[in-house]
Structure formats: structure tokens, C-alpha cells
1. Does the range B:158-165 contain at least one residue that is touching a Pro at 6+ places or on another chain (Cβ under 9 Å) and not in a strand (DSSP E or B)?
2. Could you tell me how many of the residues in the range A:95-138 are facing another protein chain (nearest Cβ under 7 Å) and assigned to a loop (DSSP other than H, G, I, E, B)?
3. Which ones in the range B:64-92 are touching a residue at least 40 places away in the same chain (Cβ under 8 Å) and under 13 Å from the mean Cα position of the chain (by Cα)?
4. Out of all the residues in the range B:142-164, which are in contact with a strand residue (DSSP E or B) (Cβ under 9 Å, 6 or more places away or on another chain) and not hydrophobic (A, V, I, L, M, F, W, C)?
5. Checking B:T119 against (1) more than 24 Å from A:M88 (Cβ to Cβ); (2) assigned to a strand (DSSP E or B); (3) at the interface with chain A (Cβ under 8 Å from one of its Cβ atoms); (4) not acidic (D, E), which test does it fail?
6. Under the condition of being touching a strand residue (DSSP E or B) at 6+ places or on another chain (Cβ under 7 Å) and surrounded by fewer than 15 Cβ atoms within 10 Å (Cβ to Cβ), which residue from the range B:198-213 is farthest from the other protein chains (Cβ to nearest Cβ)?
7. Restricting attention to the range B:159-213, report how many residues are touching a Lys or Arg at 6+ places or on another chain (Cβ under 9 Å) and aromatic (F, W, Y).
8. Could you identify the single residue in B:G137, B:G100, B:G110 that is surrounded by fewer than 24 Cβ atoms within 10 Å (Cβ to Cβ), within 16 Å of the chain's Cα centre (by Cα) and at the interface with chain A (Cβ under 9 Å from one of its Cβ atoms)?
Amino acid sequence: LHRSGPVAAALGTTKAHVCLGFLLIVLAATFGFKAGLARADGGGIYFQGTWAANGGTHPTDYDDTCNVLIYWYYGEFDKSSADNGRVMFIDSGGTWHHPVSGLGSIATSEPNYASYQKKVSTLNYTNIAYPGTAIAAYHSFRCT
Amino acid sequence: MVRRLVLTFVLVLAIALTASYALGRFVFGHPADHPHQAQRASHSRHLVSAVKQPKSSSNDGLATAAAHLGMIMSKKADLGTVGSGATAVHLLSVPTSRGGSCLVAENPDGSIGVSCLDTPSLFTNAPVAYLELSDGGPDPATIKYDRIVGVAKPGVSAVEVQLSSGKTAAASVISTGAFDYEVPLSTVHAGSHPSKLIAHEGGQVAGTIALSR
């Protein structure tokens, strides 16, 4: 082994040491960049108030498909134990996915990161208006 | 010499790690970092309160439901599985920390359905508790399945589902009281849907739940 080049000279070491150093720096940079992309989760109440009779509905906005900012995976509709209603996902064509109907607080989920654009929606299909709370939860991450 | 070399490497590594992390956040920042951006992108309505979700797998609907609804999963009662194969649904009864009770359906694809009542028993207001699970709609022609699942109070001898067409069909009830009725697809596509749940006890109607929409 012999010393050569300005970098090696500046560090006062050998070519092998310089190569090892660059490798470690590249690995660190890659690790740091990936860590910066880690997934974030969140959500919460998006509507509180009254659902009108015979079709009152309160949806979220649509999520994205790729370049994801928000991925809805959970919807919840909290209301009285005497009130019937529905919570579901709706795709951009208007088709329902995993609708769940029942009394009281009801919930549905979308598994496996289904790759369609969707929003969470809640529906009062009874003939009386009632109060409630709508909740949605999301994952957010970057598509690659 | 060696000491200076090690110190230099550590310093450069730290700088590279920090700079790369910051770059990742800056270029592909998250809604968690930029709440206003998430809200603009996803909610025209405001998030009245933010609820931090636990990081978990993609099939984490049940964990999220348990956290939001206060379900005490350690006290769940297994009601068994109704249906079979691709249509098998696993049912649970779970108490809540708020003094309520929940009926939980776990579908084969990992999705869930939950109905929580604010009473300690699922049978305070009716001798049956239910969930309607389906996929597709609202156009009946796009519905892939439509089923009623639930659990009946001990003593209930039969559960019937009345359809909007006026026809009535018996649900399958297993030993735990869990029941299931899947509307035939031809009936679904013809526009008929479940409209009433009827529980029988000793030959008499013990209670009904209106499902009409």
C-alpha cells in the first residue's frame, strides 16, 4: 500500500481507507434518506353534526392513488344505539366498497392497500334525521 | 493518525446521515409534518381533532377500531365462524371500556365490520344483534354479495330475514347463537335487499329490527 491523491494525502491514510470511508458515507446517506420517507399515520373526526333523513351523507375527500399523501383505510360512524346507518368506502366511479350497516357506532376497514382512489362516507338511510360523528383514519406514504 | 481518521469518518457520517434525512423529509414530506397540506389534499372539512394512529400492518382495521371504540380485546368472546371458504366470517363479541358491547365481523379478505351498542349486553334492546356486510352498490347490478350476520340471545330458536320484495328466508344459526344469511345474487341484482330481522322464541316472535333503507 502506498499513499496517493489529494484526499488520501489530506486524510493521511491509504486508498483502501478512503474507499471504505466513501462506502460508509453512501450507506449512511441511503439510510438517512429512507428514514426520511418513513410512513406516517393519522386521522380523526372529520364531521360532527346531523345526518338528514332519507340519504343524508357526509364523506371525506378522495385520497390519492400513487404519490400518496393520504390512504384511507378505516371509517367509523358514531351514532345512537337506536339509529341505523352505513359507513363505507366509495371509489372515484361512485361504487361502494365494504359497506357496513348497523346500529350504534359502526366501522369498516379496507385491507391490503387496495389500489383504487377512495373516500370514506357515511349514510343515513332511515326516515328520521339524527346526530352523529364521523371518523376516518389514514396511512400516508410515498408510492415508488 | 488513527484517531484523527476515525474522528473524520464519524463527523462525515453524521453530516451525511443528517443531510439525507432532512432531504428525504423536505422532498417527500408527510402530512404529519405538514398538517395543512394533508388537510388541503384530503379534507375540505376540518379535522376537528387529530387522532394519532398506531403504526402497524396494512390489515389494521381491527386494531384501529379497538382503539377508537374502546374495545377490550382481552375480554372478547369468540362466537365462531359462519359461512365457509371465501364467504366465511368470524364473529366476536367484545365489551368496551365505556360500558358498551360490540359485535365484530372479520371477513376473509381482512376487512372488518363493527357495531357497538352503548349497553353492556348486545341484547338490551332486541334479542338479536346484527351487521349487514356487502360489497359493491349502490347500483344493485354491481353488488358482489349482501349478507346479514349477527348473534342471537340464548333461547332464540330461529332468525329470519325479511327482504324488501316481501319474501322471508331463514338464517343459519350455529350453537353459539351466531347467524348468517346471504341474499342470493339474483335476488340482489333484482333490487331486493334485507328489510327486517325477525327473532323467534318458542314459536313466537321475540323481537324485530327494521333494516329498511
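Nothing in this text is a laboratory measurement; each read-out follows from the coordinates by a stated rule. Keep in mind that what you see is a predicted model, and the values were worked out from it rather than measured. Cβ atoms come from the backbone with ideal geometry, glycine included; neighbour counts cover every protein chain shown.
1. Yes, because at least one residue in the range B:158-165 is touching a Pro at 6+ places or on another chain (Cβ under 9 Å) and not in a strand (DSSP E or B).
2. Here the count works out to 7.
3. Of everything in the range B:64-92, those that are touching a residue at least 40 places away in the same chain (Cβ under 8 Å) and under 13 Å from the mean Cα position of the chain (by Cα) turn out to be B:A65, B:L69, B:M71, B:V89, B:L91.
4. B:T142, B:K144, B:Y145, B:D146, B:R147, B:G150, B:K153, B:G155, B:S157, B:E160, B:Q162, B:S164
5. Failed condition: (2).
6. Going residue by residue through the range B:198-213, those that are touching a strand residue (DSSP E or B) at 6+ places or on another chain (Cβ under 7 Å) are B:198-200, B:205-212.
From what's left, surrounded by fewer than 15 Cβ atoms within 10 Å (Cβ to Cβ): B:205, B:210, B:212.
Details: B:V205: 19, B:A210: 7, B:S212: 8 Å.
Ranking the candidates gives B:V205 first.
7. 1
8. B:G110
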